[in-house]
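Presented below is the structure to which this report refers.
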Amino acid sequence: MNLNRFLCIAGQGAARRLAVGLLLTTAGVLGASAATAASKVEQPIEFPHDTHAGKMGINCLYCHTYARRSAVSGIPPLQKCMGCHQNIESVKDRPRIKQLFEYWEKKEPIPWKKVHDLPEFVRFSHERHVQRFYFKQERPIQEACMPCHGDVKGMTVAEKVQPLSMGWCVSCHEQDHRIDNVSAKTSNGPNDCWQCHK
Amino acid sequence: MSNINRRDFLKVLGWSGATVAVAGCGNTSVESGAETVMSYVQPEDFVVPGIGVYYASTCTQCEASCGVTGRVREGRILKLEGNPESAINQGRLCGLGQAAVQHHYNPDRLKEPMLRQGGSLQATTWDKAMALLAEKTGNLKGEQFALLSGGLSGHLKVLVQNYVDSLGSKNLYVYDALTPAVNRAVSQKLYGTATPRFHLDKAQVIVSFGADFLDTWVSPVHFASQYAQFRKAQQRMPSEKARGTLVQIEPRMTLTGANADRWIPIIPGTEGILALGLANALLKSGAAAKNLPAAVVSAVQAYDKARINKETGVSGEVFDKLVTLLSERSPSLVLSGPSAEGHAHGAQNAAAIMLLNVVLGNVGRTITAPAKLPFPQLAAAEGNSAALTAFNDGLAQGRFKTVFIYDANPVYTAPEFMKLRDNLQKAEFKVAFAHYLDETALEADLVLPLDSALEDWGTHIAAYQSGGIELTMQQPLMEKLYPNGTRSLGDVMLDLLKQRRADEYKGFADYYTYLKIALTRNKGAFSDAPADDEAFWNQALSHGVLRVKGQEQPISVNAAALDITQPAPTGDDQFPFHLVPAVRSGFRDGRHANLPWLQETPDSLTTLVWDSWVEIHPKTAERMGIKEGDILEIASKNGSIKTQAYLFPGVQPDTVAVPLGQGHEALGRYAKGVGVNPFKLLDPVFDQSTGELAMHATRVKVSKTGAHVKVVKEEGWSPLPINTQQGRKLVATIAADKANLSKEV
């Protein structure tokens, strides 16, 4: 085992979870469903989703490899970027790729800003959604991810296009969805409080 | 948003129902771009963000050395569980063990070395600190150096011992305030082993004289699982109809006492008299006197029922029932615990109690010998309080110039009469290896911060081994929180040894390398060890437990070696009460008082939180006009404390009990200023044969101060003078049509 190679990520989040910070402040509930409008967040590198997912047609899960296996999708590790870009001579001189190589040489993670965030008291599982809507229904990956993340083929950095509010989640959970690609059976999403608030 | 009051909020909630938007929720970090999310640079294949990875290690919260597995997610330790591969705890872990993560993440942890400059402790660097250590130990005569340590085992013990040797010193004092050292000494005499194996699960009856084996005694998690088997006698032995019966005899009810079928309060110090009375009655009713010297058989004849009743306060009826129970059901197991052993005649008490096992023929059946450890240098040194006395005497005589203190807080745990705080000042240079700025560190000249137990390497061999001997591995469960601030004591000891014996230790780059080399060189001593060194090391770390090929040995009995003479009980008119300094499972000797989880956990019997209290029998309280919450002054010849009264029927009427662990003047934000410290009150009484501080021999007087507080406790309030479930509103209810919700909510 080599713990030195672990990087301490999401430190604040874990500490806060330890302290069980379940503070449902009442007044705040009324607040901001304002974040519905797409808002572009400034990132350390303006990552072009349009090039990767659009022009090159790379499957989302190729980079966001944890989404099918874990509650969180995980930002792709730097090693993932380098796996391809070390071998793509044609774009090596572009400013954004130069930046990427700088991080790699320093062995430093890129300090991405979180775009799709949920409060600590909400547990959303990427794994459940990706397994159902991609693997079981055998839909194109874009269709599985788009309802929440929007059409990234047309974006550079990720933009939040949906409110990710409870009512918005429920509006989809209320609908019937086919359980897989084979049977005609459908089911809706769970509407028990504890499915997400546990 | 801030001017919306609760009622308006409820109305709005009613309108929008389930579809109310909670996206914002007053939590600004949910906004896009408000938080940074770091990815891995080069992840391990097995690491998936959001999914935990488990690593095996050893719990260091008490001396039982249970195996643990820690759940690590995104490089952070989140939760500890028991390691199923450890025979000690078999996958279970107690609340004290679970709380270890709060030592690791504690906001009061020391983050950098501190040096006394101009009267106060100032931040310094490790380089300067190590140079200073070399300077202060360089031209020192061996006898001018002393090291006071908490319990040690495994390879750290070897390093510490070698360092003390390298200075030409013999002054390694291994101190623990609560180890059952008297029990160990008497066991050694009687059974030929200090730590015999107990088989609670094989006994039909257990009679425990104050051994709180379910909560605070020796290896509680292990005993708790044996106890569960003991309670399922029918499953264990289909022919035996009855489940095991537990009798607990002690002046103040412990958690084990609360679980007993019969709890017998006894006048403190008279446990030996009762035990000899039982031996006498059992021998008369036909128990074999085999293995018993004639002198013992004749000595017990002086202890008849009338005398027992008069001297111990145990009624004739209860005594008879106990004799019947013990003579009818076999095998049984008789345990001697701290409340019997903490007296000037503690060893005699323990001897009289353990003698019952010989009379009842339990030795070899419910008590066996542990396997023989092939490398005694790694065996646990549990420590004792005689070591503190010796250390304090050395300080008082001005014999020590440089002292090191590790894993002990003697300024807090030493009784007032020792004057340890003053004596410590006589040493020129005092070094505290510590996790917190505790009472002792505050007196030191150099304070060196240590890695938390979840950041450190180590090997442990528990003193009490339940089955075959196991060596448990301790490994870091995450990266250090303060990588430049804290160090492992193993690394410090190695560096110091390199200053003295460079040739011998130059091959070991660090403590990790030392452990790896030391263990792989001896891999032949462990069962199922792979031949390849790397494979062996990986197996040791992934399983966390190494089983030592120990030789089984028969247990011997030598009753003639025991001194069972009992002094006549004495009274004290000026100080009429016996003081029981009660051990709480969470705090032990006070070292865990800065963990808020443990402060918040209600005491098992009284349900009090975040405070100290004095337990007093309701009848005694009635006689003295004391009510719950009255602030009482508890004064011994050596000091006094003031704390709230708690009326408790589980305490012998001539006894008051104050829990240990609180009353810190330092240590951290959660411990400081909470409650009182009964260690300070203790009288200078020592066990005559071992020199152990007699923790249960202090006499006190109790007086009202006139002040009164409301006791903060979980159990609620009762209109009766003592707390019962009667009259308690378990769940408060009100009819829906009677409720005015605008007022209730």
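Taking the conditions exactly as written (in contact with a strand residue (DSSP E or B) (Cβ under 8 Å, 6 or more places away or on another chain) and at pLDDT below 95), does B:ILE469 satisfy them or not? Considered against the rule, which asks whether it is in contact with a strand residue (DSSP E or B) (Cβ under 8 Å, 6 or more places away or on another chain) and at pLDDT below 95, B:ILE469 comes out as yes. Among the residues of region B:105-121, the ones that are within 14 Å of B:ARG591 (Cα to Cα) and crowded, with 21+ Cβ neighbours inside 10 Å come to 1 in all. Once region A:39-66 is narrowed to residues that are within 21 Å of A:VAL122 (Cβ to Cβ) and at the interface with chain B (Cβ under 10 Å from one of its Cβ atoms), the residue that is modelled with the highest pLDDT is A:TYR66. Within region B:161-176, can one find any residue that is small (Gly, Ala, Ser), touching a residue at least 40 places away in the same chain (Cβ under 8 Å) and buried (at least 17 other Cβ atoms within 10 Å of the Cβ)? Yes; the residues of region B:161-176 include at least one that is small (Gly, Ala, Ser), touching a residue at least 40 places away in the same chain (Cβ under 8 Å) and buried (at least 17 other Cβ atoms within 10 Å of the Cβ). Does B:VAL334 count as closer than 22 Å to B:THR254 by Cβ and surrounded by 24 or more Cβ atoms within 10 Å (Cβ to Cβ)? Spelling it out, B:VAL334 is indeed closer than 22 Å to B:THR254 by Cβ and surrounded by 24 or more Cβ atoms within 10 Å (Cβ to Cβ). Considering region B:545-573, and only residues there that are surrounded by fewer than 17 Cβ atoms within 10 Å (Cβ to Cβ) and of a type in the set (Gly, Ala, Ser), the residue that is nearest to B:VAL297 (Cα to Cα) turns out to be B:ALA560. Could you tell me which residue of region A:109-133 is nearest to A:ALA144 (Cα to Cα), considering only residues that are of a type in the set (D, E, K, R) and more than 7 Å from chain B (Cβ to nearest Cβ)? Here the residue is A:ARG132.
Are any of the residues in region B:136-146 at pLDDT below 95, under 28 Å from B:THR389 (Cβ atoms), buried (at least 22 other Cβ atoms within 10 Å of the Cβ) and not small (Gly, Ala, Ser)? Looking for residues that are at pLDDT below 95, under 28 Å from B:THR389 (Cβ atoms), buried (at least 22 other Cβ atoms within 10 Å of the Cβ) and not small (Gly, Ala, Ser), one finds at least one in region B:136-146, hence yes.
Does B:TYR163 satisfy being more than 16 Å from B:VAL447 (Cβ to Cβ), in contact with a helix residue (DSSP H, G or I) (Cβ under 6 Å, 6 or more places away or on another chain) and either among the hydroxyl-bearing types (Ser, Thr, Tyr) or at pLDDT 95 or above (or both)? Yes: the conditions hold for B:TYR163. Pairs meeting the criteria (first residue in region B:457-479 and within 14 Å of chain A (Cβ to nearest Cβ) and more than 14 Å from B:LEU156 (Cβ to Cβ), second residue assigned to a loop (DSSP other than H, G, I, E, B) and acidic (Asp, Glu), beta carbons under 6 Å, at least 6 apart or on different chains) are B:PRO476/B:GLU455.
Checked against (1) buried (at least 19 other Cβ atoms within 10 Å of the Cβ); (2) more than 23 Å from B:PHE46 (Cβ to Cβ), A:HIS126 meets all criteria but (2).
The residues on offer are B:VAL37, B:VAL72, and the sole one that is more than 7 Å from every other protein chain (Cβ to nearest Cβ), assigned to a strand (DSSP E or B), modelled with pLDDT under 95 and over 25 Å from B:SER225 (Cβ atoms) is B:VAL72.
So which of B:SER187, B:SER208, B:SER153 is closer than 21 Å to B:CYS62 by Cβ, surrounded by fewer than 22 Cβ atoms within 10 Å (Cβ to Cβ) and either touching a residue at least 24 places away in the same chain (Cβ under 8 Å) or within 20 Å of the chain's Cα centre (by Cα) (or both)? Result of the check over B:SER187, B:SER208, B:SER153: B:SER187. Here B:GLN235 meets each of (1) assigned to a helix (DSSP H, G or I); (2) modelled with pLDDT of 95 or more with one exception, condition (2). Go through region A:83-100 and report how many residues are of a type outside the set (D, E, K, R), more than 13 Å from chain B (Cβ to nearest Cβ) and assigned to a helix (DSSP H, G or I). So the answer is 7. Taking region B:364-378 as the range and being assigned to a loop (DSSP other than H, G, I, E, B) and crowded, with 19+ Cβ neighbours inside 10 Å as the test, the residues that pass are B:THR366, B:PRO370. Do the conditions hold for B:ALA453, that is, is it among the small types (Gly, Ala, Ser), at pLDDT 95 or above and either surrounded by 24 or more Cβ atoms within 10 Å (Cβ to Cβ) or in a helix (DSSP H, G or I) (or both)? Judged against the criteria, B:ALA453 is not a match.
Applying the set (1) in a strand (DSSP E or B); (2) more than 7 Å from chain A (Cβ to nearest Cβ); (3) at pLDDT below 90 to B:PHE46 leaves exactly one unmet item: (1).
Taken over region A:65-82, the criterion of being free of Cβ contacts under 8 Å to residues at least 40 places away in the same chain and in a loop (DSSP other than H, G, I, E, B) is satisfied by A:THR65, A:GLY74, A:ILE75, A:PRO76, A:PRO77. Residue count for region B:480-511 under the criterion of being crowded, with 16+ Cβ neighbours inside 10 Å, closer than 19 Å to B:SER57 by Cβ and not polar (S, T, N, Q): the result is 7. On the basis of being among the acidic types (Asp, Glu) and touching a Gly at 6+ places or on another chain (Cβ under 8 Å), does B:GLU382 make the cut? It is true that B:GLU382 is among the acidic types (Asp, Glu) and touching a Gly at 6+ places or on another chain (Cβ under 8 Å). The residues on offer are A:SER183, A:SER171, A:SER187, and the sole one that is within 27 Å of A:PHE121 (Cβ to Cβ), hydroxyl-bearing (Ser, Thr, Tyr) and more than 14 Å from chain B (Cβ to nearest Cβ) is A:SER187. Residues in region B:512-525 that are surrounded by 15 or more Cβ atoms within 10 Å (Cβ to Cβ) and either in contact (Cβ under 8 Å) with a residue 40 or more places away in the chain or of a type in the set (Gly, Ala, Ser) (or both): B:TYR512, B:TYR514, B:LEU515, B:ALA518, B:LEU519, B:ASN522, B:ALA525. Does A:GLU143 count as more than 12 Å from every other protein chain (Cβ to nearest Cβ), assigned to a loop (DSSP other than H, G, I, E, B) and farther than 29 Å from B:GLY75 by Cβ? So A:GLU143 does not fit the description; no.
Given the condition surrounded by 24 or more Cβ atoms within 10 Å (Cβ to Cβ) and among the acidic types (Asp, Glu), answer yes or no: does some residue in region B:674-683 qualify? Within region B:674-683, none of the residues are surrounded by 24 or more Cβ atoms within 10 Å (Cβ to Cβ) and among the acidic types (Asp, Glu).
For region B:415-440, the set of residues classified as touching a residue at least 12 places away in the same chain (Cβ under 8 Å) and over 13 Å from B:VAL403 (Cβ atoms) consists of B:PRO415, B:GLU416, B:PHE417, B:MET418, B:LYS419, B:ARG421, B:ALA434, B:HIS435, B:TYR436, B:LEU437, B:ASP438, B:GLU439, listed by residue number. The residue that is surrounded by the most Cβ atoms within 10 Å (Cβ to Cβ), among those in region B:75-98 that are within 14 Å of chain A (Cβ to nearest Cβ) and touching a strand residue (DSSP E or B) at 6+ places or on another chain (Cβ under 9 Å), is B:ILE77.
The values are calculated or read from the model by the stated rules, or taken from the named source; none is laboratory data. Note that this is a predicted model, so its numbers are computed, not measured. Cβ sites come from the backbone with ideal geometry, for glycine too, and all protein chains shown count toward neighbours.
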